[in-house]
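The values are calculated or read from the model by the stated rules, or taken from the named source; none is laboratory data. Since this is a predicted model, take the numbers as computed values, not measurements. Quick reminder, even Gly has a Cβ in these numbers, built from the backbone with ideal geometry, and neighbours come from all protein chains shown.
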Amino acid sequence: MKYIKQPKRHIVLDDFEWRALVKGINEYRKQVIDGDGCVEVVNELLLKIIDAPTKKIKIMEVSK
């Protein structure tokens, strides 16, 4: 069996954006539950986002 290496994606979010993402996925999870759908995949995604490690980065502003 051959495994294909999947690319990883990294995004930079501030606290507001991160909270909005978690809230949006949680709202989608509620819709799936109301529609009697399977929420396992959504739960896994939500846990990945909540448990994602944080890293401090420096952002430099360029003034013209």
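Some values worked out for this structure:
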{"read-out": "Qualifying residue in segment 43-52 (condition: within 13 Å of the chain's Cα centre (by Cα) and modelled with pLDDT under 90)", "value": "yes"}
{"read-out": "Test: Gln31 is assigned to a loop (DSSP other than H, G, I, E, B) and polar (S, T, N, Q)", "value": "no"}
{"read-out": "Residue tally, condition more than 21 Å from Lys55 (Cα to Cα) and not aromatic (Phe, Trp, Tyr), over segment 1-45", "value": "26"}
{"read-out": "Scan of segment 43-55 for residues that are surrounded by 10 or more Cβ atoms within 10 Å (Cβ to Cβ) and assigned to a loop (DSSP other than H, G, I, E, B), ordered by number", "value": "Ala52"}
{"read-out": "Members of segment 1-28 that are part of a loop (DSSP other than H, G, I, E, B) and basic (Lys, Arg)", "value": "Lys2, Lys5, Lys8, Arg9"}
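Here's the yes/no breakdown for (1) in contact (Cβ under 8 Å) with a residue 24 or more places away in the chain; (2) surrounded by 10 or more Cβ atoms within 10 Å (Cβ to Cβ); (3) at positive phi:
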site: Tyr3; (1), (2), (3): no, no, no
site: Leu13; (1), (2), (3): no, yes, no
site: Leu21; (1), (2), (3): yes, yes, no
site: Ile25; (1), (2), (3): yes, yes, no
site: Val41; (1), (2), (3): no, yes, no
site: Ile57; (1), (2), (3): yes, no, no
site: Lys64; (1), (2), (3): no, no, no
